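Chemist: Below is a structure I'd like to ask you about.
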Amino acid sequence: MCLCLLTILAAVPGAEAQQGRGGATRAAPKGEGKSSEKEPAPAPEPPPAPYDRDLMRLSEIVGALAFLRELCADPDAAQWPVRMKALLEAEGVTPGRRDRLAGAYNRGYRGYALTYRVCTSSAREAATRFVIEGERLSHALASRFGG
C-alpha cells in the first residue's frame, strides 16, 4: 500500500494557456482570470531547522521501511505509514516543509519498490539496517533538540 502523501498540485491563476484554432496556444486576455482584489503573498518559508537534514533522512528511512516491512509481511508493517503521519503532523509546520518530508518518504518507498518485487534475505537485511539507522537518528534528534 503506497501512501501518496504528496498529491497536491498548485495551480497559478491566469497562468493557463488557452487553446486556439489549429492547436496553437495564446495567452489569456488581459484582465481575464484576475480577481478584483489582490491576494496577499504567501508568507516566506522560515529558514530550515538545524536538524532538517536528519529529519529528511529519517522520513526517507520510514518510507523504505513502510515498503520493505509490508513486502516481507512483517507484523509491524502497518506502523510505518502511521509513524510518518505522526511525523508530518509534528514537523510539517509549513506547506513547503510538509512537502519535503512527504517527498523524502515517497523517495524511500519508491526506491525500494523499484528494487524489490518479493521479500528476499537482502530485503530483510536492508530493513534491519534501516531500523538501526532510524533508531540512531531518532535518539540523536531527541537528545540534541529535545522531545
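Chemist: If we scan the range 104-121, do we find a residue that is modelled with pLDDT under 95, in contact with a helix residue (DSSP H, G or I) (Cβ under 9 Å, 6 or more places away or on another chain) and under 16 Å from E60 (Cα atoms)? Can you show your working first?
Modeler: So in the range 104-121, the residues modelled with pLDDT under 95 come out as 115.
With in contact with a helix residue (DSSP H, G or I) (Cβ under 9 Å, 6 or more places away or on another chain) added as a condition, the list becomes 115.
Checking which are under 16 Å from E60 (Cα atoms) leaves us with 115.
Scanning the range 104-121 turns up at least one residue that is modelled with pLDDT under 95, in contact with a helix residue (DSSP H, G or I) (Cβ under 9 Å, 6 or more places away or on another chain) and under 16 Å from E60 (Cα atoms).
Chemist: Filter the range 77-94 for residues that are assigned to a helix (DSSP H, G or I), without any contact (Cβ under 8 Å) to a residue 60 or more places away in the chain and hydrophobic (A, V, I, L, M, F, W, C); which is surrounded by the most Cβ atoms within 10 Å (Cβ to Cβ)?
Modeler: W80
Chemist: Filter the range 56-76 down to the residues that are charged (D, E, K, R) and either touching a residue at least 24 places away in the same chain (Cβ under 8 Å) or in a helix (DSSP H, G or I) (or both) and list them by number.
Modeler: R57, E60, R69, E70, D74
Chemist: Could I ask something else about it? Report whether or not T128 is polar (S, T, N, Q), closer than 11 Å to L65 by Cβ, over 13 Å from the mean Cα position of the chain (by Cα) and surrounded by fewer than 14 Cβ atoms within 10 Å (Cβ to Cβ).
Modeler: When the stated conditions are applied, T128 passes them.
The values are calculated or read from the model by the stated rules, or taken from the named source; none is laboratory data. These numbers were taken from a predicted model, which means no experiment stands behind them. For neighbour counting, all protein chains shown are included, and Cβ atoms are generated from backbone atoms with ideal geometry for every residue, glycine included.
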